[in-house]
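*Asks:* Shown below is the structure under consideration.
Just so you know, all these numbers are worked out from the coordinates, no wet-lab data involved. Model, not experiment: these values are computed from the prediction. Note that each Cβ is placed from the backbone with ideal geometry, even for glycine, and that neighbours are counted across all protein chains shown.
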Amino acid sequence: MKIYNTLTRTVEEFKPNTEGKVKIYTCGPTVYHFAHIGNLRSYLHEDILEKYLRYAGYDVQRAMNITDVGHLSSDGDTGDDKMVSSAKREHKSVLDIAKIYTDAFFADFEKLNIRKPDIVVPATSQINEYITVITKLLADGYAYASGGNIYFDTSKLKDYYVLTNHKKEDLIIGAREDVDEDENKRNKEDFVLWFTKSKFEDQELKWESPWGYGYPGWHIECSCISMKYLGEYLDIHCGGVDNIFPHHTNEIAQSEAYLGHKWCNYWFHIEHLNLGNAKMSKSKGEIYTVDSLIEKGYHPLSYRYFVLSSHYRRTLEFTLENLSGAENAYLKLKSRISRLNKANDTLEEEMFAKYKKQFMDAMEDDFNTSLALTTVYDIMKAETNDYTKLKLIEDLDQVLSLDLLKEEEEATPVIENEAEILALIAERNEAKKNKDYARADEIRNSLAEQGIRLIDTKEGTKFEVI
Ligand code: AMP
Ligand code: ZN
């Protein structure tokens, strides 16, 4: 199985620390708001990673934190705590906010058929772990107290930038927002392990510690939760590419300083979902949530299909038009599958093995989900009986989780001439730009006659079947 490893910047053969077992850690959400579909792109690919490893026979153990304290608006040590800002905005307590958005997050998981990791740990439940690890880092000289906070001393490491190959200029734009110079730091790259009241007086959740009443930094949470629940040797650590720096860089620094050996072998990073020219982000501009797509009439699994149609290491451009395209393809595929004959028949083993292998080859080539999806289309065209096709699709759908065999309650119309409609929409946009409203109206009316209604939204023109 081949997997791209951010740490080595190469596609590598996957070899877990213990044969047959895989330990995966996933950075969980900061639960101050609804997850947007960009966040969920990352969790969808991580879901595929986990499910494929299980499908391939590995015994997978996966842990995820829920960040309910310590994540500042900068990803570094500046700005307000995101949870505190949200609680103020919504006139609720931090813990209420955490509960509301954690529940909403897992409700989104269900809508997108994402498996909830076996181990899910709120950051606020592990204060003693942080204190234990920080105490050792201080004792071993990897951390220091300054201005009331405890900092990690990055100059004590041989290679702080191991994950990013010392190329600061290559770091993802937008991730290095930590621009302030904190005078308490010995080195610019040092980061906070424990904040005390000296930093934010209005922090709602604080705990006693040997260094004063305070709260943990975001980075230490993931290191401690991972080490506690998955042990000192981790196979795969996941997250979106914006987590590479500073978050994952800092996680490696702390964990390896604490353990005294290499911690995680493979770093699996998902590229961003973009809206316009920038990554979809809660703090910068417009977002879509799963519910907002459902309100617009989309099937939530169309978004899963849309995400799986692209490779996780490529940025993916989100537009409602692109999603409509995916929805049409998805529903059309389901409708074709629903027409297969469900009667029992003999399983054509050779054909079953052939397409299963094709699927596995695609997945084992650094998780090429779009090629894996193509296998389903190839199965539909294959020279085999319907029973074998259905068994194959059922098998592959354990990983794809697209409910390919589930009948839709309401038959959704299949749009055969989608490309043509999209071309007419583009032509109409052009006509409107050139103030040729007569042509624009003509296109709208001719589509209406074919039962296609155009809906102009801020994000572009959508269409629906009347
Ligand atoms: P957060 O809740 O901000 O901590 O982010 C949760 C996860 O979503 C992290 O793994 C991020 O790297 C990831 N993420 C954030 N924005 C995007 C995006 N636009 N596309 C894909 N993943 C993202
Ligand atoms: Zn993390």
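*Asks:* Stick to the Cα atoms of the range 285-337, pair each with every other, and give me the Kirkwood hydrodynamic radius in Å at one decimal.
*Replies:* On the way: mean 1/r = 0.0856 Å⁻¹.
Computed over Cα pairs of the range 285-337, the Kirkwood hydrodynamic radius comes out at 11.7 Å.
*Asks:* A further question follows. With +1 on each Lys and Arg Cβ and -1 on each Asp and Glu Cβ, and nothing else charged, work out how big the dipole of the range 303-400 is about its Cα centre, in Debye to the nearest 20. All intermediate terms of the calculation are to be shown ahead of the outcome.
*Replies:* Values: 14 positive and 17 negative charges, 67 e Å.
Here the range 303-400 has a charge dipole of around 320 debye.
*Asks:* Can you sort M280, M83, M351 by how many other beta carbons sit within 10 Å, fewest first? Don't skip to the end; give the middle numbers.
*Replies:* On the way: M280 22, M83 29, M351 18.
Ordered from fewest to most neighbouring Cβ atoms within 10 Å, M280, M83, M351 come out as M351, M280, M83.
*Asks:* If you wrap a convex hull around the Cα atoms of the chain, how much volume per residue is inside, in Å³?
*Replies:* Dividing the Cα hull volume of the chain by its residues yields 162 Å³.
*Asks:* For R115 and K354, FRET efficiency with R0 = 25 Å and r from the beta-carbon atoms, rounded to 0.05?
*Replies:* Working: r = 28 Å, r/R0 = 1.11.
That gives a FRET efficiency of 0.35.
*Asks:* Another one. Using 1/(1 + (r/R0)^6) with R0 = 56 angstrom and r between the beta carbons of E427 and H261, what's the FRET efficiency to the nearest 0.05?
*Replies:* Working: r = 62 Å, r/R0 = 1.10.
For E427 and H261, the calculated efficiency is 0.35.
*Asks:* Now for a different question. Which order do the peptides 230-237, 84-91 come out in when sorted by mean C-beta neighbours inside 10 angstrom, highest first?
*Replies:* Values: 230-237: 19.9, 84-91: 15.4.
Peptide ranking by packing, descending: 230-237, 84-91.
*Asks:* Sorted from fewest to most neighbouring beta carbons within 10 Å, what does the list E418, E286 look like? Intermediate values should be presented prior to the final figure.
*Replies:* Details: E418 17, E286 12.
With the sparsest Cβ surroundings first, the list reads E286, E418.
*Asks:* Placing +1 at every Lys and Arg Cβ and -1 at every Asp and Glu Cβ, with all other atoms neutral, what dipole size does the chain have around its Cα centre, in debye to the nearest 20?
*Replies:* Computed about the Cα centre, the dipole is about 240 debye.
*Asks:* Roughly what would the spin-label model give for Q450 and L347, points 7 Å off Cα along C-beta, in nm?
*Replies:* In this crude label model, Q450 to L347 measures out at 4.3 nm.
*Asks:* Could you rank the peptides 326-339, 107-120 by their average count of other C-beta atoms within 10 Å per residue, with the highest value first?
*Replies:* Details: 326-339: 18.7, 107-120: 17.2.
Going from most to least packed, we get 326-339, 107-120.
*Asks:* Of the options G141, S209, I244, report the single residue whose Cα projects farthest towards the positive end of the charge dipole of the chain (beta-carbon charges: Lys, Arg +1; Asp, Glu -1).
*Replies:* Looking along the dipole axis, the top candidate is G141.
*Asks:* Here is a follow-up. Dipole of the chain (Lys/Arg Cβ +1, Asp/Glu Cβ -1, origin at the Cα centre): which of L331, H311, M380 lies farthest to the positive side?
*Replies:* Towards the positive end, the residue furthest out is H311.
*Asks:* Can you tell me how much longer the chain between K99 and S283 gets when fully stretched, taken as 0.36 nm per residue apart minus their C-alpha distance, in nm with one decimal?
*Replies:* Numbers: separation 184, 0.36 × 184 = 66.24 nm, distance 2.05 nm.
Using 0.36 nm per residue and subtracting the Cα-Cα distance, I get 64.2 nm.
*Asks:* Neighbouring Cβ atoms within 10 Å as the yardstick, rank T26, T8, T388 fewest first.
*Replies:* Working: T26 25, T8 12, T388 21.
Fewest-to-most Cβ neighbours within 10 Å comes out as T8, T388, T26.
*Asks:* A further question on this structure: How large is the charge dipole for the range 48-123, taken about the Cα centre, if only the Cβ atoms of Lys, Arg (+1) and Asp, Glu (-1) carry charge, to the nearest 20 debye?
*Replies:* On the way: 11 positive and 13 negative charges, 56 e Å.
For this selection, approximately 260 debye.
*Asks:* Counting only Cα, what are the radius of gyration and maximum Cα-Cα distance Dmax of the range 2-275, in Å?
*Replies:* 17.8, 51
*Asks:* Going by average Cβ neighbours within 10 Å, how do the peptides 241-252, 184-195, 218-229, 427-438 rank, with the highest at the top?
*Replies:* On the way: 241-252: 23.2, 184-195: 20.7, 218-229: 25.1, 427-438: 13.0.
Most protected by this proxy first, the peptides run 218-229, 241-252, 184-195, 427-438.
*Asks:* For the range 36-123, what class follows from the C-alpha gyration tensor (a ≥ b ≥ c being the square roots of its eigenvalues): rounded when a/c is under 1.5, otherwise prolate if a/b is larger than b/c, else oblate? The partial results should precede the final answer.
*Replies:* On the way: a/c = 2.40, a/b = 2.05, b/c = 1.17.
Here the range 36-123 falls in the prolate category.
*Asks:* Considering only the other residues whose Cβ falls under 14 Å of the Cβ of N445, what net charge follows from Lys and Arg at +1 and Asp and Glu at -1?
*Replies:* Values: positive: R428, R439, R444, R453; negative: E427, D441, E442, E449.
Neighbourhood net charge equals 0.
*Asks:* Skipping prolines and chain starts, which residues have an amide H placed within reach, meaning under 5 Å, of the one on E12, given they are 5 or more residues away or on another chain?
*Replies:* Distant-sequence amide H within range of E12: I3, Y4, N5.
*Asks:* Among the DSSP beta bridges whose two residues both lie in the chain, what percent are antiparallel, rounded to the nearest 5? Walk me through the numbers on the way to the answer.
*Replies:* On the way: 25 of 48 bridges.
Once the DSSP bridges in the chain are tallied, antiparallel ones form about 50 percent.
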